[in-house]
Amino acid sequence: MLLLFCIAFVIFTTKIFAEVSPLVVYIDPGHGGMDGGASIGEVKESNLTLEISKKIKEVFESNSIQVVLTRETDDDLSDGSFVKREDMLNRVTQINTSNASLALSIHLNKFSMEKYRGAQVFYSKTNSNNQLLAETMQTSLSLYLKNTERKIVKRDNIFLLNKVTIPCCIIECGFMSNKEEFQLLQTADYQYKIAYALLYGVEDYLKLY
Ligand SMILES: [Zn+2]
């Protein structure tokens, strides 16, 4: 009788735990500290990726998805003097040792020709779900931002994509080199729009996965 009670208790508490345990998504605001990434005038990619990532955290958390950021300030993740490899290794370790279900690394594009614009998703084959995640995120970005017919691109030479073992992709939110898009990327409205596009993408991915 006691054994039956114990088994019932374990099943009950496991179910409760499963119901209250929220989905965790890791968001990596690209660059930071000494590495500002791309820049136009005074505006650095690292500042915009952080602003967009904070909006993502706000929007996801108001929709019951817990978000952990690899950085919450403009500092990089190396100890002391900036070392790019150490910064990247720390991001990878944080993500791989977390209980997150997936990770999105947030970046912005810059190109020599102004005409290019639109969001684009990059992935690698490190995790077998990466392509599905990338396709779902690209579809959602295209649908909600309505500014691109870009397709996902597989890349084998990106450290983060090669080392992160949970489902992961890089989101290039838009081109800083396109004047109109650069203005949009700096507004809170558009940053929220990106955050919602990513939320709907994650929700769609979870239905397919
Ligand atoms: Zn970047």
Log entry, pairs with first residue in the stretch 25-45 being more than 13 Å from the ligand (Cβ to nearest atom), second being in a strand (DSSP E or B), beta carbons closer than 6 Å, six or more apart or on different chains, reads 25/65; 25/67; 25/102; 26/68; 26/103; 27/67; 27/69; 27/104
Residues located in the stretch 131-172, provided they are touching a Ser or Thr at 6+ places or on another chain (Cβ under 8 Å), closer than 13 Å to residue 202 by Cα and part of a helix (DSSP H, G or I):
141
Considering only the stretch 113-130, how many residues are in a helix (DSSP H, G or I) and out of contact with any strand residue (DSSP E or B) (no Cβ under 6 Å at 6 or more places or on another chain)?
0
I'd like to know if the stretch 50-58 contains one or more residues that are crowded, with 16+ Cβ neighbours inside 10 Å, assigned to a loop (DSSP other than H, G, I, E, B) and at pLDDT 95 or above.
no
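Conditions (1) more than 24 Å from residue 91 (Cα to Cα); (2) crowded, with 19+ Cβ neighbours inside 10 Å, marked per residue:
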position: 150; (1), (2): yes, no
position: 156; (1), (2): no, no
position: 163; (1), (2): no, no
position: 169; (1), (2): no, yes
position: 179; (1), (2): yes, no
position: 187; (1), (2): yes, no
position: 205; (1), (2): no, yes
Exactly one condition in (1) within 16 Å of the ligand (Cβ to nearest atom); (2) at pLDDT below 95; (3) among the acidic types (Asp, Glu); (4) not in a helix (DSSP H, G or I) is not met by residue 87; state its number.
(4)
Pick from the stretch 46-56, criterion under 12 Å from residue 70 (Cβ atoms) and touching a residue at least 40 places away in the same chain (Cβ under 8 Å), ranking: farthest from the ligand (Cβ to nearest atom):
53
Condition first: in contact (Cβ under 8 Å) with a residue 12 or more places away in the chain, within 16 Å of the ligand (Cβ to nearest atom) and of a type outside the set (A, V, I, L, M). Can you find one or more residues in the stretch 132-140 that meet it?
no
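Of everything in the stretch 100-112 that's outside any strand (DSSP E or B) and under 15 Å from the mean Cα position of the chain (by Cα), which residue is surrounded by the fewest Cβ atoms within 10 Å (Cβ to Cβ)?
The first filter runs over the stretch 100-112 and keeps only residues outside any strand (DSSP E or B), leaving 100-101, 110-112.
Next, from what is left, pick out any that are under 15 Å from the mean Cα position of the chain (by Cα): 100-101.
On the way: 100: 21, 101: 18.
In this case the residue turns out to be 101.
The values are calculated or read from the model by the stated rules, or taken from the named source; none is laboratory data. Keep in mind the model is a prediction, meaning the values are calculated, not measured. Virtual Cβ from ideal backbone geometry, glycine too; neighbours counted across all protein chains shown.
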